[in-house]
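The values are calculated or read from the model by the stated rules, or taken from the named source; none is laboratory data. Just so we're clear, the structure is a prediction, and the values are computed from it rather than from any experiment. Cβ atoms come from the backbone with ideal geometry, glycine included; neighbour counts cover every protein chain shown.
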């Protein structure tokens, strides 16, 4: 695939520089007393960096807003395209957009440390989350669950962007990506990977049923991932403007975690359930042995999903997670009996 500026990474750099200049122009012309509203529409995709990290168009845009001297105070998703649109019907076109509310950041804004930033988030986000989930008075309704992850970015980024910089322990400025990860912890309550956090929130809202791509795109953007990447990872099906999570029975039987380059905890858990259903503790034990350091996260996710399914009244799904949890000791025993890979024994005098 060809790109206008030679590579996807260089195209992103061009976008960041140009968008920062545009946002800086807005900041220069804006009156300090009035808010700036920015309408944002972008189909989410990952850009892989040469250092192994990745970013998304949403993060790049927020980075441009911050660099331009704007302080973000709100992010609100909007449904903007109908599924029966004439152009691109049946494709995964963007069906949701985002409105950002900003103000010009004072030129004398100070910098703070990462610890101070987290402390301020701890004071601001619980109250903001409570208001979003319960509403405020008769005139305000709660934010829909599928939009909550996007909406919480507003008050979280308001804290981040009111400072000239949030400094890491080594003195370097914190990235927008890191700030979003810290904000998302208030919803995820765990340190699960971004793909797994998406799957958790999507499952809570839709279970295994399909829903529109636009909802998935907004939620994925808020988690710093994207639908196409998760489709490639094998946790969901996407096409025709619809998205749904794959059930454990749809996972491939020839999966090898040792060669999987992107392995969300969600994927590992449902492969374990598939292996247990189809081959018992010996099969799931062999898979657990290959998971390495992800085993504990898989177990915690199984507990989380069992509790969620019980609350939602999904008895069949709850039973699958409960069976894995109650069999965990036997699965671990089977995993410990799997022969470890052997490597040639060296000697003290080997060159």
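(1) outside any strand (DSSP E or B); (2) in contact (Cβ under 8 Å) with a residue 60 or more places away in the chain; (3) closer than 30 Å to residue 272 by Cβ: which one isn't true of residue 160, the others all being true?
All conditions pass for residue 160, except number (3).
At least 2 residues that are not assigned by TED's automatic domain parsing to the domain that holds residue 155 in each: list the helices (runs of 4 or more DSSP H) lying fully within region 213-317 that qualify.
Because the criterion is at least 2 residues that are not assigned by TED's automatic domain parsing to the domain that holds residue 155, the helices (runs of 4 or more DSSP H) in region 213-317 that meet it are 265-291, 295-312.
Do we have any residue at all in region 187-210 that's in contact with a strand residue (DSSP E or B) (Cβ under 7 Å, 6 or more places away or on another chain) and assigned to a strand (DSSP E or B)?
no
Checking residue 221 against (1) under 22 Å from the mean Cα position of the chain (by Cα); (2) at pLDDT 90 or above: exactly one of these is not met. Which one?
For residue 221, the failing item is (2).
Name the residues in region 177-204 that are modelled with pLDDT of 90 or more and over 20 Å from residue 302 (Cβ atoms), would you?
Within region 177-204, 178, 179 meet the criteria.
Looking at (1) more than 20 Å from residue 65 (Cβ to Cβ); (2) surrounded by 14 or more Cβ atoms within 10 Å (Cβ to Cβ); (3) modelled with pLDDT of 70 or more, which one does residue 117 not meet, given that it meets all the others?
Among (1) more than 20 Å from residue 65 (Cβ to Cβ); (2) surrounded by 14 or more Cβ atoms within 10 Å (Cβ to Cβ); (3) modelled with pLDDT of 70 or more, the lone unmet condition for residue 117 is (1).
What number of residues in region 23-38 are surrounded by 13 or more Cβ atoms within 10 Å (Cβ to Cβ) and assigned to a helix (DSSP H, G or I)?
Residues flagged as surrounded by 13 or more Cβ atoms within 10 Å (Cβ to Cβ) and assigned to a helix (DSSP H, G or I) within region 23-38 amount to 4.
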